[in-house]
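Accompanying notes for the structure given below.
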Amino acid sequence: MELLFLGTGAGIPSKERNVTAIALSLLQEINSIWLFDCGEATQHQILHTSIKPRKVNKIFITHLHGDHIFGLPGFLSSRSFQGGNEELIIYGPKGIKDYVKTSLELSASHLTYPLSFVEVEEGQIVDEEHFEVHARKLDHGIDSYGYRIIEKNKPGELLVSKLVEMNVMPGPIYKQIKENSMVTLEDGTIIYRENFIGPEKKGRIVTILGDTRYQKEHQEFVADSDVLVHEATFEHEKANLAYEYFHSTTTQAATLANNSNVIRLILTHISSRYQKDNNQKLLEEAKKIFPNTSVATDFTNIIIE
């Protein structure tokens with residue numbers, strides 16, 4: 001599981017930061033990539049990575065401000081030319097379907113794959129074999145959502161030494177035992193999987209918040225995340241401005257992480273008023289409250305163990 005930041009700026013692109021888009025690579029887990037927001041020129045950013053657009057089969061839009069959605073029509077159209085033929089599902093607030101459909105129809109764009117939409121509300125929005133996703137409405141000028149991606153627990157390791165003690169030697173039978181609750185051996189011995197499997201491996205949790213004011217009520221939603229991705233549009237001294245524009249500061253994001261048993265905090269959605277020279281100051285503000293913090297730049301890659 002990897003996070004790749006394709007754009008980390010707020011509002012408008014700058015020379016150093018494109019607008020918001022984050023790829024969650026689940027290639028090893030389910031051979032898919034999920035995209036969170038798709039700001040202008042996201043497809044240009046993808047050209048500088050190893051991402052294959054046909055592998056993107058879910059896009060989660062946090063809200064309908066332009067810096068989070070203006071890249072959608074271009075990406076969707078280009079995906080058709082780049083081998084995309086499997087269904088793509090777009091999740092987002094009410095209006096996302098109208099925006100995409102109108103953009104494609106007025107530009108006479110024809111897709112080579114099925115496109116479907118889920119207009120989200122709070123609660124669980126995805127429940128699949130390996131992952132589930134929950135949505136939470138945030139505090140922004142328009143409907144804005146956070147997404148909590150939960151990897152379901154994995155079965156524990158097969159207790160090989162215990163099987164060998166019973167003279168069950170390595171071979172295809174091990175796969176059968178791991179995949180079935182009960183297996184009968186050739187000599188009639190019944191093997192119950194629960195007796196020969198180690199503890200479950202806890203799944204990872206990634207929470208990605210859209211634009212929002214700081215709210216302590218978000219603690220429950222982000223709690224116990226292995227990685228929390230939080231906007232930090234403004235520095236600490238601009239807290240009043242952040243509140244006025246429905247955004248958060250570095251220290252507010254760090255406070256939420258510190259109070260929510262989060263393991264790692266990644267700050268993104270940085271205002272264009274801050275250039276590369278300001279990154280250290282932004283980082284130090286947050287780290288005073290939550291030491292395990294990073295400030296994402298375009299193409300920052302985070303491996304989630």
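FYI, it's all coordinate maths here, none of it is from the lab. Quick caveat, the model's predicted, so the values are computed rather than measured. All Cβ positions, glycine included, derive from the backbone under ideal geometry; neighbour counts span all protein chains shown.
Some notes on this structure:
- Lysines with Cα under 30 Å of LYS276, excluding same-chain neighbours fewer than 8 positions away: LYS15, LYS52, LYS216, LYS238, LYS287, LYS288
- Between GLU157 and SER78, the FRET efficiency from the beta-carbon distance, with R0 = 30 Å, is close to 0.10.
- Overall, the chain carries a charge dipole of about 540 debye about its Cα centre when +1 sits on the Cβ of Lys and Arg and -1 on the Cβ of Asp and Glu, all other atoms neutral.
- Net charge dipole size for region 76-115 [Lys, Arg +1 and Asp, Glu -1 on Cβ; Debye, nearest 20]: 120
- Trypsin sites (Lys or Arg not before Pro) lying in DSSP loop within region 163-238, provided at most 12 other Cβ fall within 10 Å: LYS202
- Using all pairs of distinct alpha-carbon atoms, the Kirkwood hydrodynamic radius of region 205-272 works out to 11.6 angstrom.
- The calculated P(r) of region 40-137, using every Cα pair and 5 Å bins from 0, goes 2, 12, 22, 25, 21, 13, 5, 0 in percent.
- Full-extension gain in nm, MET166 to GLN28, via 0.36 nm per residue minus C-alpha separation: 46.3 nm
- Relative to the dominant Cα principal axis of the chain, helix 96-106 is inclined by about 70°.
- Counted by Cβ distance under 14 Å from ILE205, the other residues give a net charge of +1, where Lys and Arg count +1 and Asp and Glu count -1.
- Kirkwood hydrodynamic radius over Cα pairs of the chain, then Stokes diffusion coefficient at 25 °C and 0.890 mPa s, in µm²/s: 118
- Under 17 Å of direct C-alpha separation, and excluding same-chain neighbours fewer than eight residues apart, LYS201 reaches these lysines: LYS152, LYS154, LYS178.
- If R0 is taken as 35 Å, the Cβ-Cβ distance between LEU106 and HIS48 corresponds to a FRET efficiency of 0.75.
- Estimated from helical segments only, the mean residue ellipticity of the chain at 222 nm is -6000 deg cm²/dmol, where each DSSP H run of four or more residues counts as -39500 (n - 2.57).
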